[in-house]
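A short worksheet on the structure shown next.
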Amino acid sequence: MPAVATCAPAAALQLAAARVVALAVKQKLPSTAGVILCYLVAVKLLILYRPNSEHETDVESYVRDFQHRYEIGRKIELVSMNTRDGAATASLYDIVAYPAILVLGDDGSLVSFWQGMPLPLMDEVAGFAHSASSTQW
């Protein structure tokens, strides 16, 4: 069974869908042909932490190693708990232990999170970020 697949940013989903359907019609694919559309949503990775704490070195090493290991353009944003934004983010997601790693969906929804030490495995965080960033329709 032939299949047509395309991936596009969320903003271009309608255009991609129209092109895939047009391609399927033009090539006269049978009705049993599978048409798969997927789009990427913006996933945000945050680490809430306190600079100048005993965990600062561990957090910065984790971020550096994560970005080196997963060179896919995914960036972890460090958010200081000593700022208004950091305190507001912690309050919004009911974070009470630090450091905390948050995986947020494109709408700001909490996909997954980890609080306190030890920090989670990088593969686990990357897995949640990947599963949240790919949606099949």
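Looking at Pro99, Pro118, just one residue is touching a Ser or Thr at 6+ places or on another chain (Cβ under 9 Å) and either farther than 16 Å from Val43 by Cα or at pLDDT 95 or above (or both), and that residue is Pro99.
Checking each residue in the range 83-106 for being charged (D, E, K, R) and closer than 15 Å to Ala129 by Cβ picks out only Asp106. Whenever a residue of the range 55-68 is assigned by TED's automatic domain parsing to the domain that holds Ala97, its partners that are part of a helix (DSSP H, G or I), lying with C-beta atoms within less than 9 angstrom and at least six residues away or across chains, give the pairs Tyr62/Met122; Asp65/Met122; Phe66/Met122; Phe66/Val125; Phe66/Ala126. Candidates are the residues of the range 45-79 that are of a type in the set (Ser, Thr, Tyr) and surrounded by 15 or more Cβ atoms within 10 Å (Cβ to Cβ); the one that is nearest to Gln115 (Cα to Cα) is Tyr49. Quick one: would you say Glu77 is at pLDDT 90 or above, acidic (Asp, Glu) and closer than 13 Å to Tyr49 by Cα? It is true that Glu77 is at pLDDT 90 or above, acidic (Asp, Glu) and closer than 13 Å to Tyr49 by Cα.
The values are calculated or read from the model by the stated rules, or taken from the named source; none is laboratory data. Quick caveat, the model's predicted, so the values are computed rather than measured. So basically every Cβ, Gly included, is an ideal-geometry build from the backbone, and we count neighbours across all protein chains shown.
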